[in-house]
Amino acid sequence: MTTPASPFSAHGDRHFDGLADKFAASLYGGARGELRLALLDRLLPEMLALEGQPVLDVGGGLGQLAAWFAGRGHPVTLAEPSAEMLARAREALQETSGECEVTFLPVPLQALPEQAPGPWSLIACHAVLEWLGDPRGALATLAGLLAPGGQLSLMVFNRDALRFSNVIKGNLEKALADRLEGKGLRRRLTPISPLTHAQVMAWCDALGLEVRAVAGVRVFHDYLRQPPERDDERDRLLELEWRYCRAEPHWRLGRYLLYTLVRPDASPFPAEEPL
Ligand SMILES: C[S@@+](CC[C@H](N)C(=O)[O-])C[C@H]1O[C@@H](n2cnc3c(N)ncnc32)[C@H](O)[C@@H]1O
C-alpha cells in the first residue's frame, strides 16, 4: 500500500496545491468573496498610507490583492509557494493589470529574507498565517522585512469568530472541547492555525510592532441564517458591514481581523534603506 504524500511543507505549512479550484469557488466564487473584496477596497485606503510604493504580497494566492495594488500604480512582488495558485495568479494578472509591474516569486514566506530581503515600506500578508505551522515565527520574519516606518497589512482568520459560528451551527461539542482548527488534510478549508486578537497583540508587543489600525472583515455575513440573494439586500449588508467593521464590539467577531502594523523608525531590526 502506498502512503499518500503529506499535504504539509517542511515547515508544517499547508501550501494550496490541490486546493486552488475549491478555494476559488468557495472563498471567492460567491457573495462572501465579493463582500471581502468590497470591504478591502474601502478599508485599505483608510488603513494604509498608500503612495504608490512597491508592495510585497506574501502568500498572494489567486492574485486579487496584487491586482488591486497594481491597479493603483504600485509595483507588486507576489510571493506564493503553491505552483498551482501562482499559475492562476499569473493568468489573472495578465488580464487585469495591463502595463503595471508584477513580479512573481515561487517561494514561501520563510525564504523571503534571502529571496526578497527589501527592506520593504509596504508588505501585505492576507489570510496566510492561519495556514502555517508557526504563525508567530512567520510574523517575526515579516517584521524583519519591514523598513523603518514600513507598514504591514496583516489579515488573519479569527479563532474567536470560528468558535462563535461553530456554536451557531450547533457544533457544541467541538466548541466545548475548543477543537476549532482544521487538520489541513484532504480538501478542507478550515485553517490549521486560526488566531485570536490577543495572540496577535502579544506577538506585536514582543516584536515592537505598532498597531496602527484594526478592523473586522465580515462581522455579520458569516452568521446569517439566510445570506442575501438579491442585489439590493447585498448592498444593504455591505453598508452594515462597512458601518460596523471598525466599531466596538462588532469588529472583534469579524471572520477575519485586518491590521495595519508599523515598524517604528527606531526599532531593534537592522536598519537599511527602504525599497
Ligand atoms: C487562504 S489563501 C490566501 C491567498 C490570498 N492572500 C488571499 O487573501 O486571497 C492562503 C495562501 O497562503 C499560501 N501559503 C501557504 N503556506 C505559505 C507559506 N509558507 N508562505 C507563503 N504562502 C503560503 C497558500 O499556498 C495559499 O495560496
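Within segment 166-198, the residues that satisfy the criterion of being surrounded by 14 or more Cβ atoms within 10 Å (Cβ to Cβ), part of a helix (DSSP H, G or I) and free of Cβ contacts under 8 Å to residues at least 60 places away in the same chain are Asn166, Lys174, Ala175. Of all residues in segment 110-137, those that are of a type in the set (Gly, Ala, Ser) have Cβ atoms under 8 Å from Cβ atoms of residues that are away from the ligand (no atom under 12 Å from the Cβ) and part of a loop (DSSP other than H, G, I, E, B), 6 or more apart or on another chain, in Gly118/Glu272; Gly118/Pro274; Gly118/Leu275; Ser121/Gln53; Ser121/Pro54; Ser121/Pro274; Ser121/Leu275.
Scanning segment 200-220 for residues that are more than 16 Å from the ligand (Cβ to nearest atom), in contact (Cβ under 8 Å) with a residue 24 or more places away in the chain and either not β-branched (Val, Ile, Thr) or not in a helix (DSSP H, G or I) (or both) turns up Trp203, Cys204, Leu207, Gly208, Leu209, Glu210, Val211, Arg212, Ala213, Val214, Val219, Phe220.
The one condition from (1) more than 14 Å from the ligand (Cβ to nearest atom); (2) of a type in the set (A, V, I, L, M); (3) over 18 Å from the mean Cα position of the chain (by Cα); (4) surrounded by 14 or more Cβ atoms within 10 Å (Cβ to Cβ) that Ala92 does not meet is (1). Put simply, of Ala143, Ala111, Ala124 the only residue that is crowded, with 18+ Cβ neighbours inside 10 Å, closer than 16 Å to Gly59 by Cα and within 13 Å of the ligand (Cβ to nearest atom) is Ala124. Going through (1) loosely packed, with under 14 Cβ neighbours inside 10 Å; (2) in contact with a Ser or Thr (Cβ under 8 Å, 6 or more places away or on another chain) one by one, Ser6 falls short only on (2).
Starting from residues that are in contact with a Ser or Thr (Cβ under 6 Å, 6 or more places away or on another chain) and closer than 25 Å to Pro113 by Cβ, keep the ones in segment 56-89 and report whichever is farthest from the ligand (Cβ to nearest atom).
Taking the candidates together, the pick is Ala70.
Taken together, the values in this text are just the output of simple stated rules run on the coordinates, not laboratory data. The model shown is predicted, which means the values in this text are computed figures rather than measured ones. Note: ideal-geometry Cβ built from the backbone for every residue, glycine included; neighbour counts use all protein chains shown.
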